[in-house]
Amino acid sequence: MKLYVIRHGNTDSNRLDIYNGKLLNEDINNIGIKQAQEASKKIKNLNLDLIICSPLLRTRHTCDIINSNKIKVIYDDRIEERNCGVLTNTKIDDFYYTEYWNYYSKVKIDKLETVPELFKRVNLFLDEIKKKYSGQNILLVTHGGVARAIHFYFNELPEDGQVEKYLPDNCEIREYSFN
């Protein structure tokens, strides 16, 4: 069973280094549209059985563009982006690189979904699709935070807990195999 993961196309928040998360339901911009069009050329050649997509606008629009083979799409809120809480729509600063993406951080921010909470949500989702769609090739259209969690479902967490650098580029496609 192959699992392909694509992060949505570029958004204005991505371009401006703004925390967007699940509460800022923005669309992709013109750069993101072009990225998705390029990605669709690669996805067209994958042998996909199903696409599971986050229901947020930026992932839905990306999915519409990349799904040139008209594969069945299911929307699942378990692969929505991390909730940034009160950081939503604020400028990314040093906190993003030191604490926000540190698995072991003890800093509390109002309504912020912690990295362990995000990873648990995504791990439970992956455990379910592994059983439910055994033997099928699945594409997930999702977000940077969820893509990090997926990466660490298949790979060991770094000793220092810093997962920020594992962010895929917009419309980057990653491939994983369930054994």
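The values are calculated or read from the model by the stated rules, or taken from the named source; none is laboratory data. Computed from a predicted model, the values in this text were never measured in an experiment. Don't worry about glycine lacking a Cβ; one is built from the backbone with ideal geometry, like all the others, and counts go over all protein chains shown. For the accessible areas, the whole protein counts, side chains as well, though only heavy atoms, and no ligand, DNA or RNA atoms are used. Shrake-Rupley method; radii C 1.70, N 1.55, O 1.52, S 1.80 Å.
Does region 44-62 hold any residues that are within 20 Å of ASN14 (Cβ to Cβ) and either at pLDDT below 95 or surrounded by fewer than 17 Cβ atoms within 10 Å (Cβ to Cβ) (or both), and which are they? Walk me through how you get there before you give the answer.
Within region 44-62, the first condition is being within 20 Å of ASN14 (Cβ to Cβ), and the residues that meet it are 53-62.
If the condition is that a residue be within 20 Å of ASN14 (Cβ to Cβ) and either at pLDDT below 95 or surrounded by fewer than 17 Cβ atoms within 10 Å (Cβ to Cβ) (or both), then PRO55, LEU57 are the ones that fit.
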Exercise for review: Would you confirm whether any residue within region 156-164 is in a helix (DSSP H, G or I) and either exposed (fewer than 13 other Cβ atoms within 10 Å of the Cβ) or under 18 Å from the mean Cα position of the chain (by Cα) (or both)?
Suggested key: yes
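Based on this model, can you work out whether GLU128 counts as part of a loop (DSSP other than H, G, I, E, B), open to solvent by 50 Å² or more (accessible area, probe 1.4 Å) and free of Cβ contacts under 8 Å to residues at least 24 places away in the same chain? Let's see the steps before the verdict.
Working: part of a loop (DSSP other than H, G, I, E, B): no; open to solvent by 50 Å² or more (accessible area, probe 1.4 Å): yes; free of Cβ contacts under 8 Å to residues at least 24 places away in the same chain: yes.
It is false that GLU128 is part of a loop (DSSP other than H, G, I, E, B), open to solvent by 50 Å² or more (accessible area, probe 1.4 Å) and free of Cβ contacts under 8 Å to residues at least 24 places away in the same chain.
Suppose we filter LYS41, LYS72, LYS111, LYS106 for residues that are without any contact (Cβ under 8 Å) to a residue 60 or more places away in the chain and under 14 Å from LEU24 (Cβ atoms); which single one remains? Before you say what the answer is, go through the steps one by one.
Values: LYS41 fails: under 14 Å from LEU24 (Cβ atoms); LYS72 fails: under 14 Å from LEU24 (Cβ atoms); LYS106 fails: under 14 Å from LEU24 (Cβ atoms).
Just one listed residue meets the conditions, LYS111.
With respect to GLU99, is the statement that it is open to solvent by 30 Å² or more (accessible area, probe 1.4 Å) and either assigned to a helix (DSSP H, G or I) or at pLDDT 95 or above (or both) true? Spell out the reasoning first.
Details: open to solvent by 30 Å² or more (accessible area, probe 1.4 Å): yes; either assigned to a helix (DSSP H, G or I) or at pLDDT 95 or above (or both): yes.
Considered against the rule, which asks whether it is open to solvent by 30 Å² or more (accessible area, probe 1.4 Å) and either assigned to a helix (DSSP H, G or I) or at pLDDT 95 or above (or both), GLU99 comes out as yes.
Can you go through ILE31, ILE65, ILE18, ILE74 and tell me which one is farther than 25 Å from VAL115 by Cβ, surrounded by 17 or more Cβ atoms within 10 Å (Cβ to Cβ) and more than 14 Å from the chain's Cα centre (by Cα)? So that I can check it myself, show each step before the final result.
Working: ILE31 fails: surrounded by 17 or more Cβ atoms within 10 Å (Cβ to Cβ); ILE18 fails: farther than 25 Å from VAL115 by Cβ; ILE74 fails: surrounded by 17 or more Cβ atoms within 10 Å (Cβ to Cβ).
Answer to the check: ILE65.
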